[in-house]
Amino acid sequence: MDGSRVAVIIEDDQDIRELIKVVLAQSGFEVHTAGTGAAGVEAVRSHRPAVVTLDLGLPDIDGFEAARRIRLFSDCYIIMLTARGDELDTLLGLETGADDYLTKPFRPRELRARVGALLRRPRQGAVAGQGTAAPVAGVGAAVGAGPAPSGTPSPSGASAPSGTPAGLGAGTPAPSAAVEHPPAQEGLLVHSGLCLNGAMRTAEVDGTELELTRTEFDLLLAVMEGGKRVLSKAELVRRLRGEGYDVGSYISDSDERTIEVHMANLRRKLGDDPRSPRWIKTVRGIGYRLAV
Ligand code: CA
């Protein structure tokens, strides 16, 4: 089967495992399950899924360790499931390797919405595999901080999204050589030393490339595009789901808290101080905007 429609569920609670299995099967996935972290990592290795749901609390290794091991060889979408809302707080500022988080108990439609949104978004690894692998790998080696080389082209890169502008990577000069981007280049957003390339899905601060997750990149892009306009957390949730307008879809507290977790991770990678932000300003009680 096409790897873009394979999912692996790593979950020790049988009831929840069956629920997730039903939801993903209804969404058209070939589903494989595992009840322990170690078995889950092996299932990901053998089935090469596009999506993995990963429980944080597992009997052997925890979800953090499972994600770390998966990230050594796969750039699949990882949705981490947490048992309680307060577990989200422990995720603040942590590099988990996950693309999204969901708090139990969740509604089946919430999980469907998350998976659907992830699949609509371009895969960073797939883009990097199209002629831009060199600068990504180079930065990863130079920084040496990232636990997992998410930009590494994996064998699953074959499932590249058809919408990817392949010509960009092949035709233009190597981005690594172009620390000074031509300001007129299309799709380029520049602010206070931060350079975001929407087409290539790359972000640089003062010429150093950042290793952002898909979610972090999309949030940063939203803030950069928004400029001085305040983006509410609900608006950012919808943006990540791929909903352009207020379509009245359900947004929970944990959805909004998840945005806070992603923003905290993003700020840490940017080296941005929330109290004196260079890029992302918190608008208390509402959301975020570009610091200008
Ligand atoms: Ca569990």
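The table for this structure:
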| item | result |
| --- | --- |
| Filter result for LEU231 (in contact with a Cys (Cβ under 8 Å, 6 or more places away or on another chain) and among the hydrophobic types (A, V, I, L, M, F, W, C)) | no |
| Residues satisfying the stated conditions in the range 35-53, i.e. surrounded by fewer than 23 Cβ atoms within 10 Å (Cβ to Cβ) and within 15 Å of the ligand (Cβ to nearest atom) | GLY35, THR36, ALA38, ALA39 |
| Residue under evaluation LEU56, criteria (1) more than 16 Å from the ligand (Cβ to nearest atom); (2) within 21 Å of the chain's Cα centre (by Cα); (3) modelled with pLDDT of 90 or more, criterion not met | (1) |
| Subset of the range 59-86 [hydrophobic (A, V, I, L, M, F, W, C) and either away from the ligand (no atom under 15 Å from the Cβ) or farther than 28 Å from ASP253 by Cβ (or both)] | ILE61, ILE70, LEU72, PHE73, CYS76, ILE78 |
| ARG17 within 16 Å of the ligand (Cβ to nearest atom) and buried (at least 16 other Cβ atoms within 10 Å of the Cβ) | yes |
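The values are calculated or read from the model by the stated rules, or taken from the named source; none is laboratory data. Because the structure is a prediction, the values reported are computed rather than measured. Every residue, glycine among them, receives a Cβ derived from its backbone with ideal geometry; neighbour counts consider all protein chains shown.
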